[in-house]
Amino acid sequence: MKNLEAQIVVIAAGPSGLSAAVQAAEDGASVIVLEKAATVGGAANMGMGPLGIGTKHQKRQMIDLSVEKAFNMFMEYTHYQVDARLVKRYFEQSAETIEWLEDMGVEFEGAFRYFPKSEATWHIVKTDRAIGPRAASFMNKALYTKALELGVTFLMETPAKKILVENGKVAGVTAVSKDGEEIMISCKAAIVCTGGAGANKELIKQETGFTQGEDMFNFAIPGLVGDGMKMAWDAGAGKTTVRIEMAANIEGCDELPQGVSNVFSQPNLLVNKYGKRVMNEDQMQNATYLANVVTHQKDRICYSIVDTSILKYYIRNGVDNVSLVRTNPDVSDFYEGIKIAQDNDSEDFFVADTMEELAEKAGISVDNLIETVDTYNDYCDSVDEEFFKDKKYLRPLKKAPFYCAKVRAGGYGTVGGVKINENCEAITEDFEPVPGLYCAGTDACNIYDDSYMFLLPGNSMGFAVNTGRIAGMGAAEFVGE
Ligand SMILES: Cc1cc2nc3c(=O)[nH]c(=O)nc-3n(C[C@H](O)[C@H](O)[C@H](O)COP(=O)(O)OP(=O)(O)OC[C@H]3O[C@@H](n4cnc5c(N)ncnc54)[C@H](O)[C@@H]3O)c2cc1C
């Protein structure tokens with residue numbers, strides 16, 4: 001057994017752990033970071049950037065979004081079911097955090113909307129390439145470099161195993177090195193930042209009722225199996241509901257040209273297995289709303305349907321809605337993608353010469369679908385009496401062949417589990433802080449209630465970075481006392 005000592009042990013080096021380590025070291029604490037993976041950055045290496053409210057970028061872009069407005073919007077969205085003090089502290093700190101990151105060399109492209117109905121809170125990290133996925137890895141690199149400069153020690157491929165508590169206070173953390181050696185680090189504070197349990201099928205089933213691979217297709221990033229929440233609960237922290245941070249998915253698209261997912265994400269006809277419409281398809285651009293709708297249908301499946309006229313229109317003019325994730329309005333690769341899916345005997349996409357045949361192939365009620373399409377086509381000549389869809393998106397389905405894709409529930413991973421207060425202190429079921437125990441990021445992300453707040457994008461990475469800092473500040477103060 002190897003024995004080490006630090007004032008604070010940060011468990012994991014995703015954006016919350018990195019931010020906690022930098023902040024605690026800036027505030028004068030000695031810090032050791034334990035990271036299970038071979039690289040730092042966690043899930044955020046796949047993302048694009050954190051939320052900021054009232055930042056200089058927004059002011060420069062003439063975006064009028066105050067902390068007050070965002071806070072009220074957020075609390076109403078969550079029906080006041082979440083910790084208002086924590087939300088307020090996070091939002092209030094978020095603009096300064098953007099500058100804190102800039103001071104260590106992170107550059108931002110500006111503040112962006114995820115989709116037109118959202119607010120421009122998403123601060124996308126500038127890279128040496130065009131705007132796109134993985135941009136936030138540059139932020140993680142800057143945080144890591146800063147932490148090293150401040151003297152933080154990183155033990156990579158060294159998962160934490162247990163938080164030791166003596167006389168009710170944190171006294172140490174045990175870990176196992178990549179060579180299998182047991183490590184015992186004496187410390188006064190531990191900050192848990194292990195990113196939830198998106199890859200833990202059993203925990204997801206137990207806590208949320210979803211079965212991964214059957215009715216839930218979330219990112220299951222290897223290593224994110226709930227270690228932190230289990231360690232925190234064992235050390236005395238209370239438990240909160242664990243949920244999936246939901247975003248809908250066109251299953252089977254990952255291997256296909258982007259035109260396929262792009263076409264089926266557009267606001268065309270969306271039905272359930274009974275062949276009935278299920279929402280105003282305008283709202284499909286909010287992937288959380290769409291996932292919520294899907295999970296309330298039989299077998300948790302919906303179907304997005306287009307005809308050949310819609311496809312031709314899209315190929316000629318570009319799709320209705322693009323986003324920073326699906327950036328390309330050009331979907332001329334759609335036919336090539338569908339052919340690949342068919343050649344691979346995909347069960348996620350269907351093509352047919354009649355609506356009857358399409359319904360039969362996809363497993364949708366034939367008679368109902370025919371009736372729904374007839375009614376929908378009538379709405380296209382007048383107004384959508386059923387769900388009030390914007391006229392500009394009403395395009396009839398008349399010209400064969402017809403194309404259909406399954407829409408499923410997905411998500412980024414889990415959120416929540418560890419009960420914290422606004423200082424990111426882990427608290428017992430009885431709301432008493434466990435001295436020396438802190439938690440940040442996804443493991444402690446209890447602020448969305450039942451639905452991820454996509455209307456203020458960058459929210460989960462924003463929460464990770466800001467709560468990491470809050471935990472780092474609190475822990476540094478605690479160990480200094
Ligand atoms: C594809 C994708 C895109 C995304 N894009 C965005 C975006 O643009 N904006 C946004 O706001 N959010 C985005 N998110 C969500 C965002 O990435 C997460 O909210 C954020 O990474 C959470 O940070 P974290 O530090 O809590 O956990 P993570 O980033 O998940 O990091 C957790 C870390 O814990 C480590 N770990 C696990 N167990 C142990 C252990 N026992 N000991 C030591 N280490 C351990 C893991 O190896 C990992 O490094 C995206 C997510 C995905 C999957």
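For residue 165, enumerate residues with amide H under 5 Å from its amide H, sequence gap 5+ or separate chain, H modeled in the peptide plane.
171
In whole Hz, what ³J(HN,Hα) sequence does the range 424-429 give by Karplus (6.51, -1.76, 1.60; θ = phi - 60°), x for Gly and Pro?
Values per residue, Gly and Pro as x: 6, 6, 6, 10, 6, 4 Hz.
Count neighbours as other Cβ atoms within 10 Å of each site's Cβ, and list the chymotrypsin sites (Phe, Trp or Tyr not before Pro) in the range 342-421 that are DSSP loop with at most 11 such neighbours. It would help to have the intermediate numbers written out before the result.
On the way: sites: 349, 350, 376, 379, 387, 388, 393, 402, 403, 412; in loops: 387, 388.
Here the sparse-neighbourhood loop sites are 388.
Taking only C-alpha pairs under 8 Å that are 6+ residues apart, what is the relative contact order of the range 249-408 in percent? Could the numbers behind the result be given before it?
Working: 275 pairs, mean separation 57.1, N = 160.
In percent, rounded to a whole number, it is 36.
Could you tell me which GluC sites (Glu not before Pro) in the range 258-353 are loop residues by DSSP with no more than 14 other beta carbons within 10 angstrom of their beta carbon?
Hits after loop and neighbour filter: 347.
Which lysines does residue 399 reach when only Cα atoms under 30 Å apart count, and residues fewer than 8 places away in its own chain are ignored?
Residue 399 reaches 273, 276, 298, 312, 339, 361, 389, 391.
Within straight cross-link reach of residue 239, meaning Cα distance under 24 Å, which lysines are found once same-chain residues fewer than 8 apart are removed?
36, 88, 161, 162, 169, 188, 201, 205, 230, 419
In what order do 156, 246, 62 fall by count of nearby beta-carbon atoms within 10 Å, going from fewest to most?
62, 156, 246
Would you mind calculating the relative contact order of the range 193-310 from Cα pairs under 8 angstrom and at least 6 residues apart, reporting the percent as a whole number?
22 percent
May I ask for the angle, rounded to the nearest 10°, between helix 334-343 and the longest principal axis of the chain, with both axes built from Cα atoms and the value confined to 0 to 90°?
90 degrees
So what is log10(I(q)/I(0)) for the range 249-408 at q = 0.12, 0.16, 0.18 1/Å, when the Debye sum runs over its Cα atoms only?
-0.45, -0.85, -1.13
With unit charges on the beta carbon (Lys/Arg positive, Asp/Glu negative), name the residue among 139, 151, 164 whose Cα is farthest towards the positive pole of the charge dipole of the range 124-183.
Checking the options against the dipole of the range 124-183, the answer is 139.
Please list, by residue number, every one of the chymotrypsin sites (Phe, Trp or Tyr not before Pro) in the range 1-91 that is coil in DSSP and has at most 12 other beta-carbon atoms within 10 Å.
On the way: sites: 71, 74, 77, 80, 90, 91; in loops: 80.
Counting only loop positions with at most 12 other Cβ atoms within 10 Å, the chymotrypsin sites (Phe, Trp or Tyr not before Pro) in the range 1-91 are 80.
Need the C-alpha centroid separation for the range 311-356 versus the range 135-188, integer Å.
The two parts, judged by their Cα centres, are 46 Å apart.
Counting other beta carbons within 10 Å of each residue's own, what order do 345, 378 fall into, fewest first?
Least crowded to most crowded, the residues run 345, 378.
In 20 Å bins starting at 0, how do the alpha-carbon pair distances of the chain split up by percent?
That works out to 24, 51, 22, 3, in percent per bin.
Show me, for the range 94-100, the HN-Hα J-couplings you get by feeding each phi into the Karplus relation (A = 6.51, B = -1.76, C = 1.60, θ = phi - 60°), rounded to Hz, glycine and proline as x.
4, 5, 5, 5, 4, 6, 4
Give the long-range amide H neighbours of residue 426: residues separated by 5 or more places, or on another chain, with amide H under 5 Å away, using H modelled in the peptide plane at 1.01 Å from N.
Under 5 Å from the amide H of residue 426: 434, 437, 438, 439.
Label-point separation (nm) for residue 422 and residue 339, each offset 7 Å from Cα along Cα-to-Cβ?
Here the modelled spin labels are 6.0 nm apart.
5 Å is the cut-off here: which amide hydrogens, built 1.01 Å from N in the peptide plane, fall below it relative to residue 224, excluding neighbours closer than 5 in sequence?
199
Apply the Karplus curve 6.51 cos²θ - 1.76 cosθ + 1.60, θ = phi - 60°, to the phi angles in the range 29-46 and return the couplings in whole Hz, x for Gly and Pro.
For the range 29-46, the Karplus curve yields 8, 8, 10, 10, 10, 9, 10, 5, 7, 8, 10, 8, x, x, 4, 5, 5, 8 Hz.
Could you state the angle between the C-alpha long axis of helix 15-26 and the longest principal axis of the C-alpha atoms of the chain, as a value from 0 to 90 degrees rounded to the nearest 10?
On a 0 to 90 degree scale, this one is about 30.
To make sure I understand, if each residue's beta carbon is the centre and we count other beta carbons within 10 Å, what order do 79, 123, 296, 57 fall in, fewest to most?
Least crowded to most crowded, the residues run 79, 296, 57, 123.
Antiparallel versus total DSSP beta bridges in the chain: what percent is that, nearest 5?
Of those bridges, close to 65 percent are antiparallel.
Which value, in debye to the nearest 20, gives the size of the charge dipole of the chain about its Cα centre, when Lys and Arg are +1 and Asp and Glu are -1 at the Cβ?
Roughly 540 debye for the chain.
Could you state the angle between the C-alpha long axis of helix 459-480 and the longest principal axis of the C-alpha atoms of the chain, as a value from 0 to 90 degrees rounded to the nearest 10?
So the helix axis and the longest Cα principal axis differ by about 10 degrees.
For the range 21-133, take the alpha-carbon Rg, divide it by the Kirkwood Rh, and send me Rg/Rh.
Details: Rg = 15.8 Å, Rh = 15.9 Å.
Checking Rg against Rh, the ratio lands at 0.99.
Every number here is computed from the coordinates shown, using simple stated rules; none is lab data. Owing to the predicted nature of the structure, the values given are computational and were not obtained by experimental measurement. Positions of Cβ are backbone-derived with ideal geometry, glycine not excepted, and every protein chain shown enters the neighbour counts.
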